[in-house]
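Enquirer: Once you've had a glance at the structure underneath, I'll fire off some questions.
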Amino acid sequence: MRVGLGYDVHRLVEDRKLILGGVEIPYEKGLLGHSDADVLLHAIMDALLGAAGLGDIGKHFPDTDEKYKGISSIKLLEHVGKLLEENMFIINNIDATIIAQRPKVGPYRDEMVKNIANALKIEENMVNVKATTEEGLGFTGSGEGISSQAIASLSQARDYSTAVSPVQGCESCAGCGFNR
Ligand code: MG
């Protein structure tokens, strides 16, 4: 099993849409960035790429490339999902936190989870999205920006091919039914 950590920050400014987890959230400001600045998805992508040992989103989607200007981060997440698949990685789970004083993002959480799971072709119960304020402290507390942290756990398909044999069954996993 492998784990990866992701962290991202974007500045809140006027005249931008606020997109979090692929959901457009009504708010007086939005996040500034080269893409749609979806800070949650950026942290999740970095966690996934980190767990896979495949670098980071800056390497795969440079913000100097016009191709990514204004792009939906859901598209980038789909691309990360394909990269993982090509490299025989299986996503075990993703856990992420949005750190924002305002707006309240709780009502949009289920939709975010659905978007993330769909983009990565995984079950919704493998994705958890949480939100917190920072009690008015720091740049998130003052409303200057929003940050996000994420952690992801991956397995590599070859981990299973060596662990499972049709004769001996699998010692490490009782859940797959391989030995029944
Ligand atoms: Mg970013």
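Enquirer: Give me the distance in nm between label points sitting 7 Å out from Cα along the Cα-to-Cβ direction at Val13 and Glu86, one decimal.
Expert: According to this spin-label approximation, the distance is 3.2 nm.
Enquirer: First select every other residue whose beta carbon is under 12 angstrom from the beta carbon of Lys75; then total the charges, Lys and Arg +1, Asp and Glu -1.
Expert: Surrounding charge for Lys75 is -1.
Enquirer: For Met1 and Asn93 in the same chain, what is the full-extension length gain: residue separation times 0.36 nm, less their Cα-Cα distance, in nm?
Expert: Length gained between Met1 and Asn93: 32.0 nm.
Enquirer: Now for a separate question. With a sphere of radius 11 Å drawn around the Cβ of Asn118, what net charge do the other residues whose Cβ falls strictly inside it have (Lys, Arg +1; Asp, Glu -1)?
Expert: Net local charge, Asn118 excluded: -2.
Enquirer: Just reorder Tyr27, Tyr7 by solvent-accessible area, largest first, 1.4 Å probe, all chains present.
Expert: Tyr7, Tyr27
Enquirer: Same structure, new question: Rolling a 1.4 angstrom probe over the protein heavy atoms, how many square angstrom per residue are accessible across the chain?
Expert: Accessible area per residue, the chain: 55 Å².
Enquirer: Given an 8 Å cut-off on Cα distances and at least 6 residues of separation, report the relative contact order of the chain as a percent.
Expert: After rounding, I find 29 percent.
Enquirer: To the nearest 20 debye, what charge dipole does segment 30-76 have about its Cα centre, counting +1 at the Cβ of each Lys and Arg and -1 at the Cβ of each Asp and Glu?
Expert: So the dipole magnitude of segment 30-76 works out to roughly 100 debye.
Enquirer: Okay, moving on. Given a 1.4 Å probe and every protein chain left where it sits, what share in percent of the accessible area of segment 1-159 is carbon and sulfur?
Expert: 48 percent
Enquirer: Could you please state, rounded to a whole Å, how far the C-alpha centre of segment 1-70 is from the C-alpha centre of segment 105-164?
Expert: Cα centroid to Cα centroid, the span is 12 Å.
Enquirer: Could you pull out the pairs from Lys17/Lys121; Lys17/Lys104; Lys104/Lys130; Lys75/Lys114 whose alpha carbons sit more than 22 Å apart here?
Expert: With Cα atoms farther than 22 Å apart: Lys17/Lys121.
Enquirer: Order Lys29, Lys121 by their accessible area, 1.4 angstrom probe, all chains in place, largest first.
Expert: Ranked from most to least accessible, the order is Lys121, Lys29.
The values are calculated or read from the model by the stated rules, or taken from the named source; none is laboratory data. All values reported here derive from a predicted model rather than from experimental measurement. Cβ: placed from backbone, ideal geometry, glycine included. Neighbour counts: every protein chain shown. Surface accessibility is based on the protein's heavy atoms, side chains included, excluding ligands, DNA and RNA. Shrake-Rupley method; radii C 1.70, N 1.55, O 1.52, S 1.80 Å.
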